[in-house]
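FYI, it's all coordinate maths here, none of it is from the lab. In this text the structure is predicted, and so the values were computed from the model without any measurement. Cβ placement follows ideal geometry from the backbone for every residue including glycine, while neighbour counts extend to all protein chains displayed.
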Amino acid sequence: MAALTPYTYIQCPCSDSSTLGRSSGPNSPTGSEGDEDDRTFDPRAPRSNYSLYPLEYLLYCEDCHQIRCPRCVSEEIVTYYCPNCLFEVPSSTIKSEGNRCTRSCFQCPICIGPLAVTSVETKPDPGLLAATDNTAAPHSGPYALTCSYCNWSSTEVGIKFDKPNSIHAQLAKLRNGGTTRLTAKERKERRKDPSYRSQAAATTGSEGGAGPGKEEKLDLETQFANLKSFYQRQLADPNSADTGLASLSDLGFSSPTSLSRIMSIYTGGSLQDKKAKSRVGAMREALESDEGLQIADLDESAAIDKLQTDGHDGTASTAQLLDQIPNLGEAHLHGRSRFLSELRPIPYLLRAKRSKRCPVCRHIISKPEAKIQTTRFRIRLVAGSYIPSLAIRPLSLSSASSTSSSGASVPGALLEPLKPTHFLLTFRNPIFDTIKVTLGAPAKTPGRFPSKVTVLCPEFEIDANTDVWDEALKDSGERERERERERRARRGGFEESTTTSSSNNHNNNNNNNAQNQLEVGKIWERGRNWVSIVVEVVPPSLKLGDSTGDGGGVLREDEDVLEIPMFVRVEWESEGGGDEVAVAARDTSGGSKEAREKRELAYWCVLGLGRIRRS
Amino acid sequence: MSSKRHSILPPVSQSGPKPPVHFSSSITIADSALLIGTNLIVIHSESVIHPRAKLDSLAGRITVGRRCIVHERATLGAVGTSGKITEAAVTLGDYVTVEVGASIEAGETVIGEGTVVGVGARVGAGAVVGKHCTLTPHTEIAAGEVVPDFTVVYSNGMRRTDKRGVAELKNKGQARQIDVLRRMIPSNPAKFA
Ligand SMILES: [Zn+2]
Ligand SMILES: [Zn+2]
Ligand SMILES: [Zn+2]
Ligand SMILES: [Zn+2]
């Protein structure tokens, strides 16, 4: 079983179902039950997967004083660029050329490694070189794309280039095997050429007489062009077959009106001619390849033969096929590449730099430098510099008599069932004001195997993140005495209220055992801008027999992970900003309208402590 | 090239017996290469043995072909799991490159001509790697496995055939690289004689 290092995930308040309107039923996956305020966040609920983030993933809006997660920011694209050549691509080019790099950046179709343009040197036979081309420079001649990792080369699919630059444009004109893709104009000219006609007839004749033998193999682009011109001719032709079913013509498939309507949708109204509207009648369909008819080639014996020789290893994987981009020079649907030997180089997909805005106040909370080469940000309000970070460490108590000393002192070790285990939570305050932290955790974690949880000190203050030197210059002795007084006072007050560390007999016994270390309401350790407190957990036994679980006798995935939902409320006073949230906070706290404003931030987080040993 | 790089690492401890060697006069072998074992170590003409490469003939004879490059911390003849002694522990063909940290186990292991054993790759005892193969970094070839000529082993054991047909070019490149290395690495074959 994989070891589990303790983790903290924070729930972005945007996913709070209470803000989503209607509250769901008691059996809903949100885990809401009864009063919304008393609801405990269940980290195992299916929805929780979508709202929990590590602190590093979160941003913070300074104006709304709220956490913002990747789900609740609105993004804007700053620039598009190619990750390979780092050239910026203007958005107008994206619209015309697509979202791939159109320079010479390609990925290997086999292993997705970057491809390099290398010259395919002819055989290093000096006699041959002199005979064919003696004016050639040392690095001339045809070029190929090669992968330096898996040694794939575009010559394997018969593709070579004349020039080492603008490979993208050259590749677009090349079919696998090196034959050039003709432009529409060239195709027309070729068709006029009588020598080509006879040649084409000969080749199709030799292939065998499946279907009408004179049919030419069309690639996607040619077929589309042929079909388009055919239908346009049909629309313009007043003598197209007239069936006389005038009443149905507007609805019929073959009616020119419906066709022209559809075509005008796609082509932007250029075909909307009045003539077509006035005319009724059906059109005939394409009958030959010049008109765009392509008869499906269902003869797959070649592919089957290839499969027999190459085996499964010769076929392209789904991922490899998905990486292939549509190639207009390709054969139609039947006979599409399925073998490794037919894969073409993949032009690099462009990437984008995005800026992020707060969805509420529209302020920018993250904005990267527009220049591609820099990885810096102009604005980046990360949550880590506004809300306290939380580190978890297993705590092993040194006293030998204590039953609470457990094996969890080694990070990642399994937690013993029914054995009290202690964890040290260290909160670190990133802001320049003293913050007051209040923690709330359910006494029993939700789920089929509830763990008993006791937060020994659920309320404490953390000093401001002041300059390190300020701290050093202060009279530390004075400060320490002050702290101690404060601590005692809080502890006294706390044992009466006992919100979370209540009604846990075991815990009390345990505290008696290890009296000098663990005291309810006492901070474990304190530093310049951090405070460590202790949480005690009693992991459950994962025996399935005595559980009254609903899911049967099988331990579900990760059900052995001990996760504690914890509600964190952070309060602090800061220089006034005068916005709504601050006003709201003031109102609730009694409305003292001073220059310093009370602020409050509250959120759920999940502490993943470790895996429980299966019994 | 008057400036010589000085290593900050402690000197290599020449422990164990000094093996009998048979060197061609044209080889380049660094002073800090590590040759140990009891059997013969043969290095053919123009091959380069980098500093801290380890040739261990304890489990049999080590043969390095012509114009081979054995990089730093590469190990030829590592005693594998079998531990048995054979006549020929490791045989490298001509133009073989054994990259940094790669390990070729002893036990009639053969690396064919022009093959590149990538960084950190491991070739098991008794494996026979064909000619002009490429073992990409951290590839593992199991003991006794036979890898056909022109095979590229990549991405955790995937295999394909190198169809570039650049074997000649690669050999020429290797010769050029050896020319450079010869000037960079001070050779001291006398130390091992
Ligand atoms: Zn905002
Ligand atoms: Zn959010
Ligand atoms: Zn590019
Ligand atoms: Zn590749």
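Below are the figures for this structure:
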| quantity | calculated |
| --- | --- |
| Gyration tensor (alpha-carbon) shape descriptor, region B:132-171, a/c threshold 1.5 | prolate |
| Rounded to whole Hz, the Karplus (6.51, -1.76, 1.60) HN-Hα couplings of region A:312-327, x for glycine and proline | 5, 5, x, 8, 7, 6, 4, 5, 5, 5, 5, 6, 6, 9, x, 10 |
| Kirkwood-based Rg to Rh ratio, region A:287-388, C-alpha trace | 1.29 |
| Extension gain (nm, one decimal) between A:I304 and A:C361, 0.36 nm per residue minus Cα-Cα | 14.4 nm |
| Intensity falloff of region B:21-185 expressed as log10 I(q)/I(0), Debye formula with alpha-carbon point scatterers, at q = 0.13, 0.16, 0.17, 0.18 Å⁻¹ | -0.53, -0.82, -0.93, -1.04 |
| Percent RCO, i.e. relative contact order, over chain B, from Cα pairs under 8 Å lying at least 6 residues apart | 16 |
| Label-point separation in nm, A:I265 to A:I77, each point 7 Å along Cα→Cβ | 2.5 |
| Percent of beta bridges antiparallel (DSSP, region B:21-185, rounded to nearest 5) | 10 |
| Diffusion constant of region B:99-193 at 37 °C, which comes from Stokes-Einstein with the Kirkwood Cα-pair radius and 0.692 mPa s, µm²/s | 229 |
| Estimated distance in nm for a label pair at A:R284 and A:F432, the labels positioned 7 Å out from Cα along Cα-to-Cβ | 8.5 |
| Rough spin-label spacing in nm, given labels placed 7 Å along Cα→Cβ, for A:L322 and A:A391 | 3.9 |
